[in-house]
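*Asks:* Below you will find the structure I want to go over with you.
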Amino acid sequence: MKISIDPRKVFPRRFVPAAANMGRWEEIDPLGEVLLAQQPGSPAALEQWLEDLSELAAAVWEERNRRYIAMTSQTDDPERERAFLSFVQEVEPKVKMLGHRLDEAYLGNPHRGRLSERYRLLDRRIENRFTLYRDENIPLEVKENELRTQFQKVTGAMTAIFRGEERTLQQMAVFLEEPDRATRREAWELTNQRRLADRETLEGLFDQLRDVRLRIARNAGFDSYIDYVFRRHERFDYTPEDCRRFHDAVEAHFVPLMERLIRERQNLMGGETLRPWDLEVDPLGRPALRPFERADDLVARSEAVFRRVNPELGEHFRFMREEGLLDLESRKGKAPGGYQSELTERRWPFIFMNAVGLDKDVRTLLHEGGHAFNSIAAREEPLLEYRDPPLEFAEVASMGMELLSAPHLDVFYPNEEERRRAYRERLEGIVRIVPWIATIDAFQHWLYAHPAHTREERREAWVRIHSRFHRGVDWTGHDEALAFMWHRQLHIFLHPFYYIEYGIAQLGALQVWLRSRTDYGDAVARYRAALALGGTRSLPDLFTAAGARFNFDRETVAPLAEALAEELVRNPYA
């Protein structure tokens, strides 16, 4: 399937006036009232109404996303924080109320049932959203956003003085790859001391977030926040019980493999035990991989990799570079982590991350590049809600790109030994991340299945769940660091229950990878064809389009773990 998308194609406003400022409610409200006053008298008229509504929504959410990008790019700039919070506090609540009225107008239109099959998924989403909506939850959602912003401000300000120089915690991670064990330990302990300095602040923030979320769920008629959030995340194709099956499958097939790798690492390093600061370093004592020095080098090499996967992908990434859609380097005041956002009106992706010269920075950019290509592939779709796939498949786009890029790592590592080492570290990273995903998801299920828990019970539950999926590392003397380790997982604070998606998607991406080992061209073609579908298909159908099976039980997980184990044997440390 040939896919040719022009990322610079302009989609001019037709319903929204060209000069309208979407940061002002006074200019948004009249446009909503125009839509509410219309009464589409045919299926074709209703389709046009939906496209006009989509245009308005895209213009509004681009304004929000631009302010969010600016705020996370410099969390210590009070003007950027003020601009974002003013939108969240003053504009967004009114937009949500307007959106509810527009959903009601759509659901009440007599021609809704005569729309084609194309609108079936959209119809289900609107009906679900309308059912969950409550006016009284609007101020609670504002409060939740304020608390999220506070979390990012606290964590974005975390720095440590290491050997005379102030560094972000992301920059401190460089030293965890140093062959000298004393250096690694010093850096690890200093980083954790800094995190622990704000543990009470972060504990308090989570307590407030939990209470707000429980109130939102109760207002919507749910006794359980878990049931509410599954509906809110539109998880129509799997259940909490399926998540528990995923946890069991990971424990049965990935945890033993990870234990085996831990023992192998310990034997190669020659120590009596493996400590938390021994997990990122090369076990043979070789210097850490340093695939690039500056962000522009990372960008140039990544573009070459994408071009090898598919020439059009390389062109799309070059477009992002030329249009300033990349903010990659770590700096003081920048929010931690990485993400791909979207300028929804321009239909352009934006990548944010904290690169410091590590191999994992390469993986992050390849990952976020997959999201960006998903966004570009579906940009011709007229309906905003259909441009993005469900999160579980959006992560197939990103994780799949990490694996499809693996044969081209020589772009970063011309030396064969370094290339093979980087490839092995990617495979090992998958074996390690899958149990971590199960840990975070199981912990989130515990948090909201026991909503009245105390802080002490929370810490005990974390340690217990962590020990279920992680074995072989000696935490002696660092019990407190382990007990609060979950603080570093921003999803728990910012995006509750958004983490199992990575696990489900990793299974899909591994299936894409297995296909690529026998027919690379076919795997890439199926992958790109699935990305071009955006959100117009159900999760099982999107997986099928990519050449994968939507399931995450033991029967699906076992052969994937076995394939990883075999590939790791073929690619030893040395």
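*Asks:* Of 44, 59, 83, which residue is surrounded by fewer than 20 Cβ atoms within 10 Å (Cβ to Cβ) and over 23 Å from residue 338 (Cβ atoms)?
*Replies:* Checking each option against the conditions leaves just 44.
*Asks:* Related question: Does residue 473 satisfy the condition of being surrounded by fewer than 19 Cβ atoms within 10 Å (Cβ to Cβ), β-branched (Val, Ile, Thr) and in contact with a Pro (Cβ under 7 Å, 6 or more places away or on another chain)?
*Replies:* yes
*Asks:* Something else now. If the requirement is being within 24 Å of the chain's Cα centre (by Cα), farther than 24 Å from residue 419 by Cα, among the hydroxyl-bearing types (Ser, Thr, Tyr) and surrounded by fewer than 21 Cβ atoms within 10 Å (Cβ to Cβ), which of these qualifies: 498, 502, 527?
*Replies:* When all the criteria are applied, what remains is 498.
*Asks:* Same structure again: Residue 537 fails exactly one of the following numbered conditions: (1) part of a helix (DSSP H, G or I); (2) within 26 Å of residue 118 (Cα to Cα). What is the number of that condition?
*Replies:* (1)
Conditions (1) touching a residue at least 60 places away in the same chain (Cβ under 8 Å); (2) farther than 17 Å from residue 7 by Cα; (3) aliphatic (A, V, I, L, M), marked per residue:
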residue: 331; (1), (2), (3): yes, yes, no
residue: 343; (1), (2), (3): yes, no, yes
residue: 355; (1), (2), (3): yes, yes, yes
residue: 374; (1), (2), (3): yes, no, no
residue: 381; (1), (2), (3): yes, no, no
residue: 388; (1), (2), (3): yes, no, no
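*Asks:* Consider only pairs whose beta carbons are under 8 Å apart and that are at least six residues apart or on different chains; among these, list those whose first residue lies in region 536-565 and is at pLDDT below 95 and whose second residue is of a type in the set (Lys, Arg) and part of a helix (DSSP H, G or I).
*Replies:* Pairs found: 552/245; 553/245; 554/245.
*Asks:* Let me ask another. Within region 155-163, can one find any residue that is basic (Lys, Arg), free of Cβ contacts under 8 Å to residues at least 40 places away in the same chain, buried (at least 17 other Cβ atoms within 10 Å of the Cβ) and under 30 Å from residue 282 (Cα atoms)?
*Replies:* no
*Asks:* Could you go through region 72-83 and let me know if any residue there is assigned to a helix (DSSP H, G or I), in contact (Cβ under 8 Å) with a residue 24 or more places away in the chain, touching an Asp or Glu at 6+ places or on another chain (Cβ under 6 Å) and not aliphatic (A, V, I, L, M).
*Replies:* yes
*Asks:* Any idea which of 303, 345 is buried (at least 18 other Cβ atoms within 10 Å of the Cβ), at pLDDT 95 or above, under 30 Å from residue 57 (Cβ atoms) and not small (Gly, Ala, Ser)?
*Replies:* After applying the criteria, what remains is 345.
*Asks:* On to the next question. Where residues in region 445-457 are in contact (Cβ under 8 Å) with a residue 24 or more places away in the chain and either closer than 20 Å to residue 188 by Cβ or under 26 Å from the mean Cα position of the chain (by Cα) (or both), which of them is surrounded by the most Cβ atoms within 10 Å (Cβ to Cβ)?
*Replies:* Among those that are in contact (Cβ under 8 Å) with a residue 24 or more places away in the chain and either closer than 20 Å to residue 188 by Cβ or under 26 Å from the mean Cα position of the chain (by Cα) (or both), it is 447.
*Asks:* Looking for whichever is more than 28 Å from residue 189 (Cα to Cα) and not charged (D, E, K, R) here; the options are 300, 288. Which one fits?
*Replies:* None of the other options fit; the residue is 300.
*Asks:* Of all residues in region 396-419 being farther than 12 Å from residue 366 by Cα and part of a helix (DSSP H, G or I), which is nearest to the chain's Cα centre (by Cα)?
*Replies:* 396
*Asks:* Of the conditions (1) within 30 Å of residue 538 (Cβ to Cβ); (2) under 24 Å from the mean Cα position of the chain (by Cα); (3) in contact (Cβ under 8 Å) with a residue 12 or more places away in the chain, residue 208 satisfies every one except a single condition; which number is it?
*Replies:* (1)
*Asks:* Restricting attention to region 175-202, which residues are not charged (D, E, K, R) and not in a helix (DSSP H, G or I)?
*Replies:* 179
*Asks:* Outside any helix (DSSP H, G or I) and either surrounded by 17 or more Cβ atoms within 10 Å (Cβ to Cβ) or hydroxyl-bearing (Ser, Thr, Tyr) (or both), is that true of residue 145?
*Replies:* Taking the combined requirement at face value, the residue does not satisfy it.
Yes/no matrix, rows are residues, columns are (1) assigned to a helix (DSSP H, G or I); (2) touching an Asp or Glu at 6+ places or on another chain (Cβ under 8 Å):
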site	(1), (2)
245	yes, yes
248	yes, no
255	yes, no
289	no, yes
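*Asks:* Of the residues in region 29-66, how many are more than 18 Å from residue 385 (Cα to Cα), touching a residue at least 40 places away in the same chain (Cβ under 8 Å) and in a helix (DSSP H, G or I)?
*Replies:* Total satisfying the criteria: 5.
*Asks:* Sticking with this one: So in region 537-574, with the set limited to residues that are closer than 21 Å to residue 313 by Cβ and more than 19 Å from the chain's Cα centre (by Cα), which one is surrounded by the fewest Cβ atoms within 10 Å (Cβ to Cβ)?
*Replies:* 545
*Asks:* Looking at 481, 422, 461, 442, can you tell me which residue is without any contact (Cβ under 8 Å) to a residue 40 or more places away in the chain, assigned to a helix (DSSP H, G or I) and surrounded by 15 or more Cβ atoms within 10 Å (Cβ to Cβ)?
*Replies:* Result of the check over 481, 422, 461, 442: 461.
*Asks:* Within region 354-364, can you find the residues that are aliphatic (A, V, I, L, M), under 17 Å from the mean Cα position of the chain (by Cα) and modelled with pLDDT under 95?
*Replies:* Listed by number, the list holds a single entry, 355.
*Asks:* Of the conditions (1) within 19 Å of residue 364 (Cβ to Cβ); (2) in contact (Cβ under 8 Å) with a residue 24 or more places away in the chain, residue 226 clears all except one; give me its number.
*Replies:* All conditions are met except number (1).
*Asks:* Of 39, 48, which residue is modelled with pLDDT under 95 and either within 25 Å of the chain's Cα centre (by Cα) or farther than 30 Å from residue 213 by Cα (or both)?
*Replies:* Testing whether each residue is modelled with pLDDT under 95 and either within 25 Å of the chain's Cα centre (by Cα) or farther than 30 Å from residue 213 by Cα (or both) leaves just 39.
*Asks:* Would you pick out the residues in region 187-217 that are among the basic types (Lys, Arg) and buried (at least 20 other Cβ atoms within 10 Å of the Cβ)?
*Replies:* Result: 213, single match.
Residue by residue, here is whether (1) more than 26 Å from residue 155 (Cβ to Cβ); (2) more than 23 Å from the chain's Cα centre (by Cα); (3) assigned to a loop (DSSP other than H, G, I, E, B) holds:
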residue: 204; (1), (2), (3): no, yes, no
residue: 222; (1), (2), (3): yes, yes, yes
residue: 280; (1), (2), (3): no, no, yes
residue: 283; (1), (2), (3): yes, yes, yes
residue: 298; (1), (2), (3): no, no, no
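*Asks:* Name every residue in region 446-497 that is within 23 Å of residue 257 (Cβ to Cβ), small (Gly, Ala, Ser) and modelled with pLDDT of 95 or more, in order of residue number.
*Replies:* Once the filter is applied, which keeps residues that are within 23 Å of residue 257 (Cβ to Cβ), small (Gly, Ala, Ser) and modelled with pLDDT of 95 or more, region 446-497 yields only 467.
*Asks:* I'd like the full set of residues that are among the aliphatic types (A, V, I, L, M) and in contact with a strand residue (DSSP E or B) (Cβ under 9 Å, 6 or more places away or on another chain), limited to region 470-489.
*Replies:* Within region 470-489, 473 is the sole residue that qualifies.
The values are calculated or read from the model by the stated rules, or taken from the named source; none is laboratory data. Note that the structure is a prediction, hence the values are computed from the model and not measured. Glycine also receives a Cβ, built like all others from the backbone with ideal geometry; neighbour counts cover every protein chain displayed.
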